[in-house]
1. Which residue pairs have Cβ atoms under 7 Å apart, sit 6 or more places apart or on different chains, and have a first residue in segment 87-101 that is under 18 Å from Pro39 (Cβ atoms) and in contact (Cβ under 8 Å) with a residue 40 or more places away in the chain and a second that is exposed (fewer than 14 other Cβ atoms within 10 Å of the Cβ) and among the polar types (S, T, N, Q)?
2. Suppose we filter Pro39, Pro80 for residues that are at pLDDT 85 or above, surrounded by 15 or more Cβ atoms within 10 Å (Cβ to Cβ), of a type outside the set (D, E, K, R) and more than 13 Å from the chain's Cα centre (by Cα); which single one remains?
3. When the residues of segment 1-45 are narrowed to those that are outside any loop (DSSP other than H, G, I, E, B) and among the acidic types (Asp, Glu), which ends up nearest to Ala73 (Cα to Cα)?
4. For segment 49-64, state whether one or more residues are surrounded by 13 or more Cβ atoms within 10 Å (Cβ to Cβ) and modelled with pLDDT of 90 or more.
Amino acid sequence: MVIDTSGSVSDAELGSALLEVAAISRAVGGRRDLVSVLPCDAAARVVHPLCRAEDIPLVGGGGTDLRTGFARALRSRPRPDVVVVLTDGQTPWPTSRPSCRTVVGLFPRARPVDEENPDYVPDSPPDWARVVVIGAR
């Protein structure tokens, strides 16, 4: 799981991300060894094996370039079957399809935040990603 920890992601959204980590852990039958978490803003951070979602340090706060998170996740051993990305969507996306399934969890936003460019509209996630809005019913 790649979690967007850039400055545009709120503390509440990071809390939602940790809830998603816990839900995915339950979905794989509690096999925490099957889930790793990678905090990422403009740089990929340290990959954390899942012990408890509350123990994962979500470090970041800078700009956003989740392509570094994708690259780091895809270099992991064993190679992932699925990359789950939790983000506000304000990032450049990889230009080519990763070698595994990809799910993008988007934090819902009424409008993207960019104080320097109020007309900014982020690129939509690529067609090869399954997109799920976090918190949507």
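1. none
2. Numbers: Pro39 fails: more than 13 Å from the chain's Cα centre (by Cα).
Testing whether each residue is at pLDDT 85 or above, surrounded by 15 or more Cβ atoms within 10 Å (Cβ to Cβ), of a type outside the set (D, E, K, R) and more than 13 Å from the chain's Cα centre (by Cα) leaves just Pro80.
3. First, pick out the residues of segment 1-45 that are outside any loop (DSSP other than H, G, I, E, B): 2-4, 11-27, 32-34, 36-40, 44.
Restricting the remaining residues to those that are among the acidic types (Asp, Glu) gives 4, 11, 13, 20, 33.
Numbers: Asp4: 13, Asp11: 23, Glu13: 21, Glu20: 18, Asp33: 15 Å.
The residue in question is Asp4.
4. Within segment 49-64 (the criterion being surrounded by 13 or more Cβ atoms within 10 Å (Cβ to Cβ) and modelled with pLDDT of 90 or more), the answer is no, since none of the residues qualifies.
The values are calculated or read from the model by the stated rules, or taken from the named source; none is laboratory data. The structure presented is a predicted model; accordingly, all values stated were derived computationally and were not measured. Cβ sites come from the backbone with ideal geometry, for glycine too, and all protein chains shown count toward neighbours.
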